[in-house]
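The structure appears below as structure tokens.
The values are calculated or read from the model by the stated rules, or taken from the named source; none is laboratory data. Keep in mind the model is a prediction, meaning the values are calculated, not measured. Glycine also receives a Cβ, built like all others from the backbone with ideal geometry; neighbour counts cover every protein chain displayed.
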Amino acid sequence: MSCIYALSSSLDPDVVRYVGKTAHIQSRHRAHLYEATRACGGSSDKSKWIRGVIAQGGSITITVLESGVSWSDERFREKFHIARCLSIGHPLTNVACRGWQESATPKHHLRFEARDALAYWAF
């Protein structure tokens, strides 16, 4: 089983900056921090955001959004939570989100998958 999680900053805890999926929440949290702060540093928007938070004296928090997700549903549920966060204005750093936000990118079809995910899983 997997869980869907969100990363946010202790400096702005109500703002979600990344949504992901994992079976091992604590080790995934450590991996995000390591990837961002290792000697060569990550170049992704997420890594830059993490380094900026740490430089300001903050920390990165991980919050489980949904647990007990089956392996077969994890990708779809992750897309649902990404779409939900984007729809309420969270500035996500997920690379895949660029396709949902910028219709001119090759990943524009993901917007429709996200919309379908929201419609299917709406509670």
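Can you tell me which condition Gly52 does not meet? The list is (1) surrounded by 14 or more Cβ atoms within 10 Å (Cβ to Cβ); (2) part of a helix (DSSP H, G or I), and all the others hold.
(1)
Keeping to segment 55-69, report how many residues are in contact (Cβ under 8 Å) with a residue 12 or more places away in the chain and either part of a strand (DSSP E or B) or of a type in the set (A, V, I, L, M) (or both).
10
Please name all residue pairs, on different chains or six or more residues apart, with Cβ atoms under 6 Å, provided the first residue is in segment 11-33 and is farther than 12 Å from Ile60 by Cα and the second residue is acidic (Asp, Glu) and assigned to a helix (DSSP H, G or I).
If the second residue must be acidic (Asp, Glu) and assigned to a helix (DSSP H, G or I), the pairs left are Lys21/Glu74; Lys21/Glu78.
Of all residues being of a type in the set (S, T, N, Q) and assigned to a loop (DSSP other than H, G, I, E, B) in segment 19-47, which is modelled with the lowest pLDDT? Just the residue, please.
Only one residue fits best here, namely Ser43.
When you check Glu78 against the structure, is it at pLDDT below 90 and in a helix (DSSP H, G or I), yes or no?
When the stated conditions are applied, Glu78 does not pass them.
Given the criteria assigned to a helix (DSSP H, G or I) and either modelled with pLDDT of 90 or more or surrounded by 15 or more Cβ atoms within 10 Å (Cβ to Cβ) (or both), does Val16 qualify?
When the stated conditions are applied, Val16 does not pass them.
Kindly establish whether Glu74 is out of contact with any Phe, Trp or Tyr (no Cβ under 7 Å at 6 or more places or on another chain), crowded, with 18+ Cβ neighbours inside 10 Å and in contact (Cβ under 8 Å) with a residue 12 or more places away in the chain.
When the stated conditions are applied, Glu74 passes them.
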